[in-house]
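Peer 1: Attaching a single structure in structure tokens format; questions to follow.
The values are calculated or read from the model by the stated rules, or taken from the named source; none is laboratory data. Computed from a prediction, not measured in an experiment: that's the story for all the values here. Counting neighbours? That spans all protein chains shown, and the Cβs are built from the backbone with ideal geometry, glycine included.
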Amino acid sequence: MQSDFGPNRIAALLGEIGDGVGCRHRFEPEFGVSADLLVGAGLIGPINTKIPVCSEHGCPLIDSCDYEADFVNKAPGRGNRKFRLTAAGQRAMDDPSEMLVALTGSPVARTVMTSLASGPTSIFALAGELLRAEEQSARDDAPSLGYGRKDLGSCLNMLASLGLLAIEPDGTVRRLDELS
């Protein structure tokens, strides 16, 4: 389950966006990085108004993307699919310590690490913790965390690549500081 999802891969994605526009339909499959996780980490910000069509930002998927028509036709629900770098994203490209702080500070990463503080657990139990955190947000009238299974998988791979946890073949997840 583990992959190279560490700061270098994320820095490469952020560098590809640069001063331009990124799109989840390109970057999630190409880099294996959840856009929602990066939004939660404050590295990218979604574009929800004045969303550019693909040709305006030179997307390399023009004429081959199943979603291009959504932007051309201004279809409902196209918000939160394109994004720009934030100031934190710019800083994180140049400073690995900024990247680490941002990535481990996302709500899903905090939920995972808090859950693992009491010992190893399964991926399914972590998914349950994420669901409970989402339900608590709703009870508190707080904004939705908006995370799903894909984001949990991305987060686990990221935290493993950062050397903070291990994912065993049986699906058990443990903090690496417990292994010694």
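Peer 1: Looking at the stretch 96-110, which of its residues are in a helix (DSSP H, G or I) and surrounded by 15 or more Cβ atoms within 10 Å (Cβ to Cβ)? If you could, list the steps in order and put the result at the bottom.
Peer 2: Residues of the stretch 96-110 in a helix (DSSP H, G or I): 96-104, 107-110.
Of everything in the stretch 96-110, those that are in a helix (DSSP H, G or I) and surrounded by 15 or more Cβ atoms within 10 Å (Cβ to Cβ) turn out to be E98, M99, L100, V101, A102, L103, T104, P107, V108, A109.
Peer 1: Let me ask something else. How do the helices (runs of 4 or more DSSP H) wholly within the stretch 14-92 filter down when requiring 2 or more residues that are without any contact (Cβ under 8 Å) to a residue 40 or more places away in the chain and surrounded by 12 or more Cβ atoms within 10 Å (Cβ to Cβ): which remain? Step through it out loud before you land on a result.
Peer 2: Values: elements: 24-31, 35-40, 68-72.
Counting at least 2 such residues, we get 24-31, 68-72.
Residue by residue, here is whether (1) touching a Pro at 6+ places or on another chain (Cβ under 8 Å); (2) farther than 30 Å from E16 by Cα; (3) at pLDDT below 80 holds:
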| site | (1), (2), (3) |
| --- | --- |
| K74 | no, no, no |
| D95 | no, no, no |
| V112 | no, no, no |
| S122 | no, yes, no |
| E129 | no, yes, no |
| E135 | no, yes, no |
| L145 | yes, no, yes |
| C155 | no, no, no |
| L179 | no, yes, yes |
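So that you can scan it fast, the table gives a plain yes or no per residue for (1) under 14 Å from the mean Cα position of the chain (by Cα); (2) not polar (S, T, N, Q):
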{"position": "R91", "(1), (2)": "no, yes"}
{"position": "S97", "(1), (2)": "no, no"}
{"position": "P107", "(1), (2)": "yes, yes"}
{"position": "L126", "(1), (2)": "no, yes"}
{"position": "L130", "(1), (2)": "no, yes"}
{"position": "E135", "(1), (2)": "no, yes"}
{"position": "A138", "(1), (2)": "no, yes"}
{"position": "D141", "(1), (2)": "no, yes"}
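Peer 1: While we're here: Name the one entry in V39, V21 that is over 21 Å from V108 (Cβ atoms), of a type outside the set (G, A, S) and in contact with a Pro (Cβ under 7 Å, 6 or more places away or on another chain). Spell out how you get there, then give the answer.
Peer 2: On the way: V39 fails: over 21 Å from V108 (Cβ atoms).
Going through V39, V21 in turn, the sole match is V21.
Peer 1: Can you confirm whether N48 is farther than 25 Å from L164 by Cβ, outside the structural domain of L162 (by TED's automatic domain parsing), at pLDDT 85 or above and among the polar types (S, T, N, Q)?
Peer 2: On the way: farther than 25 Å from L164 by Cβ: yes; outside the structural domain of L162 (by TED's automatic domain parsing): yes; at pLDDT 85 or above: yes; among the polar types (S, T, N, Q): yes.
So N48 passes the test.
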